[in-house]
Amino acid sequence: MPGSDDRSARNELHDPTVGLSSDDRARFSRQLELPEWSEGTQADLRAANVFIAGAGGLGSAVALYLAAAGIGRVTLADPDTVELSNLNRQILYASGDIGAPKVTAAAARLTSLDPSTVVRPLSERIDERNARRLVAGHDIVIDCLDSLASRFVLNRAAHDMRIPMVYGAVARFTGHVSLLRPPETPCLACFVPDKEPPTPTPVLGCTAGLIGTLQATEAIKHLTGIGEPLAGRLLVVDTLALRFDVLDVEKDAACPVCSGQDAG
């Protein structure tokens, strides 16, 4: 788990602002009252540079809660436009956004929430040609994609560049969350079957919101070094039964991404 040395190194890299403004102290006052929190913790978030892949149901909750928490820079990548059918679960958007590029509408919403958050919108679909370029320079990658093929491309890029990734997935009333931290933990390909669903999977909107909120929490924990992250563990959520299970996951010796690549 990252400690004070990790946070100091990250702050050196990103040259964070010196101290908090009076507006920051007011905006984040409830966080600053937490015994695990401090102005230094808040500065860690202001110094952070986060890549969010996908601006749908998961990405909406992730982006909103990270901006609200005080993340300094967010890159949001999604090639789609807002549709009416998105609005029951993609809470970044309103009816007036229908037809607009998702990342454009999302950037406007996030900067209206906190003008200090710098949002970089990218209307790009993640593929093997651009994945490494897109994630380069970020402190953490958050997987909010709905295509398994794109997830695996993102996983390989994050693994090869040694960038931690928060995995999240949702279907119907269930969801998964895990923190992948190369090279110490399994990568996504170690424990997710390479089998794309034949059709889009239905989902209850608030289930996507819950899983996205948990992804944001894992990202904040990693960036600040507080709490116990889901590194090497998979959270399985069943909202119908209101059941939360945490499973240990192990590296696959035959993994096409990380087997034989992490020694030394």
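The values are calculated or read from the model by the stated rules, or taken from the named source; none is laboratory data. Note that the structure is predicted; figures quoted are calculated from it, not measured. Note: ideal-geometry Cβ built from the backbone for every residue, glycine included; neighbour counts use all protein chains shown.
What the table below lists for this structure:
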quantity	calculated
Subset of segment 65-103 (residues that are among the hydroxyl-bearing types (Ser, Thr, Tyr) and under 19 Å from Val118 (Cα atoms))	Tyr65, Thr75, Tyr93
Top-ranked residue in segment 145-175 [being part of a strand (DSSP E or B) and either surrounded by fewer than 20 Cβ atoms within 10 Å (Cβ to Cβ) or at positive phi (or both); ranked as farthest from the chain's Cα centre (by Cα)]	Arg172
Those strands (runs of 3 or more DSSP E) lying entirely in segment 44-144 with at least 2 residues over 14 Å from the mean Cα position of the chain (by Cα) and either under 20 Å from Ala219 (Cα atoms) or of a type in the set (A, V, I, L, M) (or both)	118-122
Segment 176-204 - residue that is outside any loop (DSSP other than H, G, I, E, B) and under 18 Å from the mean Cα position of the chain (by Cα) and, of those, farthest from Leu242 (Cα to Cα)	Ala189
Some residue of segment 53-66 being surrounded by 16 or more Cβ atoms within 10 Å (Cβ to Cβ) and without any contact (Cβ under 8 Å) to a residue 40 or more places away in the chain	no
Any hit, segment 149-172, residues being farther than 24 Å from Arg243 by Cα and modelled with pLDDT under 95	yes
Search result, residues across segment 43-52 that are touching a strand residue (DSSP E or B) at 6+ places or on another chain (Cβ under 8 Å) and surrounded by 23 or more Cβ atoms within 10 Å (Cβ to Cβ)	Ala48, Val50, Phe51, Ile52
Residue in segment 225-235 that is modelled with pLDDT of 95 or more and either hydroxyl-bearing (Ser, Thr, Tyr) or more than 21 Å from Ile163 (Cα to Cα) (or both) present	no
Some residue of segment 216-226 being at positive phi and not in a strand (DSSP E or B)	yes
Of residues in segment 91-100 being without any contact (Cβ under 8 Å) to a residue 60 or more places away in the chain and within 17 Å of Ile52 (Cα to Cα), the one surrounded by the most Cβ atoms within 10 Å (Cβ to Cβ)	Leu92
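Quick grid of which residues meet (1) closer than 17 Å to Tyr65 by Cβ; (2) of a type in the set (A, V, I, L, M, F, W, C); (3) touching a residue at least 24 places away in the same chain (Cβ under 8 Å); (4) loosely packed, with under 12 Cβ neighbours inside 10 Å:
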| residue | (1), (2), (3), (4) |
| --- | --- |
| Pro202 | no, no, yes, yes |
| Thr207 | yes, no, yes, no |
| Leu210 | yes, yes, yes, no |
| Leu214 | yes, yes, yes, no |
| Ile220 | yes, yes, yes, no |
| Arg243 | no, no, no, yes |
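Results for (1) at positive phi; (2) among the aliphatic types (A, V, I, L, M), shown as yes or no for each residue.
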| site | (1), (2) |
| --- | --- |
| Glu36 | no, no |
| Gly40 | no, no |
| Arg46 | no, no |
| Val50 | no, yes |
| Gly54 | yes, no |
| Gly59 | no, no |
| Leu64 | no, yes |
| Gly70 | yes, no |
| Arg73 | no, no |
